[in-house]
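Visitor: The structure follows.
The values are calculated or read from the model by the stated rules, or taken from the named source; none is laboratory data. In this text, all values refer to a predicted model and were calculated from it rather than measured experimentally. Note that we place each Cβ from the backbone using ideal geometry, even for glycine, and neighbour counts take in every protein chain shown.
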Amino acid sequence: MKFFSVQKVSSAEAKKIRLFLILSLLFIFISTYLSPSKLIRNFLPGIFHRESNCLLLNITGIPCPFCGMTRSFEELIKFNFMNTFYYNPSSVFIFTFLASISLVIFVLSVYNYKISINSGRKTFIAFAAVLLTVWIINIIFGHY
């Protein structure tokens, strides 16, 4: 089962990959503190019955797989690992995975390589299984 492959690219494309990665990380950091849902909360106060900014949780009462991720990320930046785990138990694993993948992508791009994801049925099933597992963990143990 081959989910991804590594391919040689031009130095110009490698620079684009690094720029995209850096801008994506910058966007994540900025959007953590300037959440659009905080603005929506001011315009639609009837939808938000809870402290959470999650639309699914506020409308249906069911947390999404990523409920508590913003607060968890804020706590991770402060190195408060107990609260990171408290807000979303799977966040520690997700952040570690994303940080590792980002580092690998960056290092590969320095040497003019990129990762290509081989999409297909097996990839979709693996992604769906991971997402379902994260959702179940968050429903059982999450504090939203």
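Visitor: Quick check on my filter: what residues within segment 94-119 are among the polar types (S, T, N, Q), surrounded by 12 or more Cβ atoms within 10 Å (Cβ to Cβ) and in a helix (DSSP H, G or I)?
Guide: Selection gives 102, 109.
Visitor: Taking the condition of being of a type in the set (A, V, I, L, M) and in a loop (DSSP other than H, G, I, E, B), how many residues in segment 62-80 meet it?
Guide: 1
Visitor: Please go through segment 58-93 and give me each residue that is hydroxyl-bearing (Ser, Thr, Tyr) and either crowded, with 16+ Cβ neighbours inside 10 Å or in contact (Cβ under 8 Å) with a residue 12 or more places away in the chain (or both), ordered by number.
Guide: 70, 72, 84, 86, 87, 90, 91, listed by residue number.
Visitor: Kindly indicate the residue of segment 10-36 that is of a type in the set (S, T, N, Q) and modelled with pLDDT under 90 and also surrounded by the most Cβ atoms within 10 Å (Cβ to Cβ) among those meeting that condition.
Guide: My answer is 32.
Visitor: When residues of segment 94-129 are filtered for being of a type outside the set (A, V, I, L, M, F, W, C), under 15 Å from residue 3 (Cβ atoms) and in contact (Cβ under 8 Å) with a residue 60 or more places away in the chain, how many remain?
Guide: 5
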